[in-house]
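Undergrad: Sending over a structure as structure tokens; questions will come in a sec.
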């Protein structure tokens, strides 16, 4: 993502929040793999739930090798998307029959999902306004006072 520098903890948190929003909209499972040491501010976040996992490789392992292990362990690849800008990871995923997206393609999907979600929320809000007839009906039911 152009606005995120993943070596910066603040950027990592923004990425997690963006993906959590996307996951809530799409109702999908997300496994996010970071390189480097565990970020204690992100580890075990309660808001993520069971369908959002953040993983870090062991000290002697790279994020790439952890991602490859995760791909190999998958038994149903019909709905698995691997998002990366690393050619080696994308090639490995394709060879193992996973679908792939580079980061720019995924960013476009994020934007589209957010836009559709905002539009649907706006339409829902428009439908909640009561007409004067409905207001009068509820006032009649609950005995509006003239005070």
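Just so you know, all these numbers are worked out from the coordinates, no wet-lab data involved. None of the values given here were measured: they were computed from a predicted structure. With ideal geometry, Cβ positions are generated from the backbone for all residues, glycine too; neighbour counts draw on all protein chains shown.
Undergrad: Please compute the length gained on full extension between residue 76 and residue 31, using 0.36 nm multiplied by the number of residues separating them and subtracting their Cα-Cα distance.
TA: Details: separation 45, 0.36 × 45 = 16.20 nm, distance 1.51 nm.
Here the segment from residue 76 to residue 31 would lengthen by 14.7 nm.
Undergrad: Also, quick follow-up: Report the relative contact order of the range 9-141, percent, no decimals, based on alpha-carbon pairs under 8 angstrom and at least 6 residues apart.
TA: Once normalised by length, the contact order is 18 percent.
Undergrad: Mind giving me the nanometre distance, one decimal, between the label points for residue 86 and residue 11, set 7 Å out from Cα along Cα→Cβ?
TA: Taking the two extended label points, one gets 1.6 nm.
Undergrad: Taking 0.36 nm per intervening residue step and subtracting the Cα-Cα distance, what contour gain separates residue 62 from residue 114 on full extension?
TA: Details: separation 52, 0.36 × 52 = 18.72 nm, distance 3.18 nm.
That works out to 15.5 nm of additional length.
Undergrad: How big is the Kirkwood radius of the range 9-141, worked out from every pair of different alpha carbons and given in Å to one decimal?
TA: 17.5 Å
Undergrad: Let me ask something else about it. Take 56, 114 and order them by how many other Cβ atoms sit within 10 Å, fewest up front.
TA: 114, 56
Undergrad: Pull out the extension gain between residue 131 and residue 50, defined as 0.36 nm times the separation in residues minus the alpha carbon to alpha carbon distance; nm, one decimal.
TA: Taking 0.36 nm per residue and subtracting the Cα distance, the gain is 25.0 nm.
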